[in-house]
Amino acid sequence: MRSVIRSPFFRRVFIAVVVTVLVLAAAAASYISRTQAAPQQPIPFPHALMVQAGVQCTFCHTTATESPSPGMPSVEKCMGCHKMIATTQPAIIQLAAYWQNKQPIQWARIYQLPRFVQFPHDVHVNAGLNCERCHGDVGHMTVTHQVNNMNMGWCLACHEQQPNAKQLMDCVICHH
């Protein structure tokens, strides 16, 4: 047995296995960090300041209670307040430039679901689930980032806790 362990062939195989495991671990770590990293936004948006000022999620995300999409606030919506509030702040100056140029802000999506999955915000919000349940405590984030890996297992774990769990386990609830 000792001679097998000392053989050059065994050493090469052992080194190849170790290198393969390390490469796979590095690839997995890289993938996880990329999926959880916050994307670069065109304007830094301080959710924490908005929450401290008493602004509710649905003030900006106006369609969250009536549509599958929560909606992103228009530049007009933002400027409704920021024509008078914090007008000298660098981010508000950037915002005003979008307004003056009549350009929408191209926000980077933070959560991406596959095309074959539907997540109706209105159903979830109107059922009493708060935004933090899925999105985390955005009101205390300096940079908004993905908190939960919204995969099928994560969704099913939540559905299993609901009073109508049996109904929510039907595939067509989320898949179309």
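The values are calculated or read from the model by the stated rules, or taken from the named source; none is laboratory data. Fair warning: this is a prediction, and the values are worked out from it, not measured in the lab. A quick note on method: Cβ atoms are made from the backbone with ideal geometry, for glycine too, and the neighbour counts reach across all protein chains shown.
Here are a few things to note about the model shown:
- Boolean, residue 59 is of a type in the set (Phe, Trp, Tyr), in a helix (DSSP H, G or I) and either closer than 28 Å to residue 37 by Cβ or within 14 Å of the chain's Cα centre (by Cα) (or both): yes
- Test: residue in region 104-113 that is more than 30 Å from residue 159 (Cβ to Cβ), exposed (fewer than 15 other Cβ atoms within 10 Å of the Cβ) and not acidic (Asp, Glu): yes
- Flag for residue 173 being among the hydrophobic types (A, V, I, L, M, F, W, C), free of Cβ contacts under 8 Å to residues at least 24 places away in the same chain and farther than 24 Å from residue 72 by Cα: yes
- Filtering region 119-126 for residues that are under 27 Å from residue 161 (Cα atoms), touching a Lys or Arg at 6+ places or on another chain (Cβ under 9 Å) and surrounded by 14 or more Cβ atoms within 10 Å (Cβ to Cβ) leaves a non-empty set.
- Condition met for residue 64 (touching an Asp or Glu at 6+ places or on another chain (Cβ under 9 Å) and within 23 Å of residue 173 (Cα to Cα)): yes
- Unmet requirement for residue 164, which otherwise passes all of (1) more than 30 Å from residue 52 (Cβ to Cβ); (2) of a type in the set (S, T, N, Q); (3) surrounded by 10 or more Cβ atoms within 10 Å (Cβ to Cβ): (3)
- Residue that is nearest to residue 99 (Cα to Cα), among those in region 1-56 that are assigned to a loop (DSSP other than H, G, I, E, B) and either modelled with pLDDT under 80 or hydroxyl-bearing (Ser, Thr, Tyr) (or both): 37
- Contacts under 8 angstrom Cβ, first residue in region 43-66 being in contact (Cβ under 8 Å) with a residue 12 or more places away in the chain, partner among the polar types (S, T, N, Q) and assigned to a helix (DSSP H, G or I), 6 or more apart: 43/94; 64/58; 65/58; 65/126
- Qualifying helices (runs of 4 or more DSSP H) (wholly inside region 70-176; at least 3 residues being of a type in the set (A, V, I, L, M) and either more than 26 Å from residue 46 (Cβ to Cβ) or modelled with pLDDT under 95 (or both)): 152-160
- The single condition among (1) within 22 Å of residue 143 (Cβ to Cβ); (2) hydrophobic (A, V, I, L, M, F, W, C); (3) surrounded by 15 or more Cβ atoms within 10 Å (Cβ to Cβ) that residue 79 does not meet is (1).
- Identity of the residue in region 82-103, over 23 Å from residue 56 (Cβ atoms) and of a type in the set (A, V, I, L, M), that ends up surrounded by the most Cβ atoms within 10 Å (Cβ to Cβ): 96
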